[in-house]
Amino acid sequence: MTDQQDISDDEALAAEYVLRLLDADTERAFDARLQAEPDLRLLVQFWEAEFAALVTDLPESVPSPSVRSKLLAELSGAKTGANRSWIWNWLAFPGLVAVAVAAFFVFSPMLRAPAFDPTFHATLISDDGTLHIEAGYAAEGDLFKVIPELGSPAHGRDFELWVINADADAPVSLGVIPADRKSLFEITPEIASLIDGGTLAVSDEPKGGSPTGAPTGAILATDEFFDADLFQAG
């Protein structure tokens with residue numbers, strides 16, 4: 001590992017960027033710098049290789065749920081704290097940081113996911129109030145995020161999301177809502193082009209989704225996509 005005394009501010013930022021420990025504003029600023037600074041991209045690649053090497057030879061064992069909870073609590077606290085020196089103190093103990101980084105990559109995929117800054121938002125609530133789904137689209141990266149807040153499909157059924165737009169001949173599927181409930185995924189530019197001015201809908205479908213490529217079950221809720229800045233301001 002790199003000697004703690006040799007760590008520059010940019011090296012520290014690059015390492016924390018790789019581990020997704022930066023707050024949203026700092027990460028966005030760092031992303032912007034990456035586009036214009038090749039040396040900074042090299043630092044990110046360096047730390048990706050450094051942290052990946054730490055976990056290559058570790059045995060494939062899954063820590064207990066209590067270890068997971070404690071680790072994520074520590075990482076969460078460090079992410080919001082003013083003092084960033086904790087990570088460099090850990091680097092003095094390669095074995096400890098190897099275990100921590102390994103557990104981090106196993107247990108915290110959402111922290112490793114790209115920063116999500118939604119451009120459009122939609123809220124799906126059924127008429128009876130038993131179903132509530134929040135969804136957002138980020139133009140940067142063509143990322144779509146789904147957070148089911150309330151309601152689950154019946155046994156043997158799935159909820160499937162659809163984008164409806166006058167520029168498309170028929171509703172276009174975004175896929176079924178996964179079993180782990182919260183998801184962040186990339187959509188194609190063709191689907192992304194339908195979101196501005198489009199409507200999001202959720203239907204009740206057989207397990208695995210519609211077999212026809214079009215909604216076959218009841219449409220449970222719909223909402224027009226609107227500017228996410230208006231949603232956040234509200």
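The values are calculated or read from the model by the stated rules, or taken from the named source; none is laboratory data. Given the structure is predicted, the values throughout are model-derived calculations rather than measurements. Don't worry about glycine lacking a Cβ; one is built from the backbone with ideal geometry, like all the others, and counts go over all protein chains shown.
A Cβ distance below 8 Å, combined with a sequence gap of six or more or placement on separate chains, defines the contacts here; from the range 211-234, residues that are part of a strand (DSSP E or B) reach residues that are at pLDDT 80 or above and of a type in the set (D, E, K, R) in the pairs Leu220/Asp204; Ala221/Asp127.
Figure legend. Inter-residue proximity from the range 17-35: first residues more than 14 Å from Trp47 (Cα to Cα), second residues β-branched (Val, Ile, Thr) and loosely packed, with under 14 Cβ neighbours inside 10 Å, beta-carbon distance below 9 Å, spacing 6+ or different chains. Indicated pairs: Asp23/Thr80.
Please verify whether the range 181-200 includes one or more residues that are part of a strand (DSSP E or B) and modelled with pLDDT of 95 or more. Yes, the range 181-200 has at least one match.
Return a yes/no flag: does the range 134-151 have any residue that is free of Cβ contacts under 8 Å to residues at least 12 places away in the same chain and out of contact with any Lys or Arg (no Cβ under 6 Å at 6 or more places or on another chain). Checking the range 134-151: not a single residue is free of Cβ contacts under 8 Å to residues at least 12 places away in the same chain and out of contact with any Lys or Arg (no Cβ under 6 Å at 6 or more places or on another chain). Selection of the range 184-216 for residues being surrounded by fewer than 17 Cβ atoms within 10 Å (Cβ to Cβ) and small (Gly, Ala, Ser) yields Ser193, Gly197, Gly208, Gly213, Ala214. Can we say Arg20 is among the charged types (D, E, K, R), modelled with pLDDT under 80 and within 20 Å of Asp117 (Cα to Cα)? Criteria met by Arg20.
Yes/no matrix, rows are residues, columns are (1) at positive phi; (2) outside any loop (DSSP other than H, G, I, E, B); (3) hydrophobic (A, V, I, L, M, F, W, C); (4) under 22 Å from the mean Cα position of the chain (by Cα):
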residue	(1), (2), (3), (4)
Asp127	no, no, no, no
Ile133	no, yes, yes, yes
Glu140	no, no, no, yes
Ile147	no, yes, yes, yes
Ala154	no, no, yes, no
Val163	no, yes, yes, yes
Leu174	no, yes, yes, yes
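In this structure, Ile164 does not qualify as under 18 Å from Pro118 (Cβ atoms) and either surrounded by 14 or more Cβ atoms within 10 Å (Cβ to Cβ) or modelled with pLDDT of 95 or more (or both).
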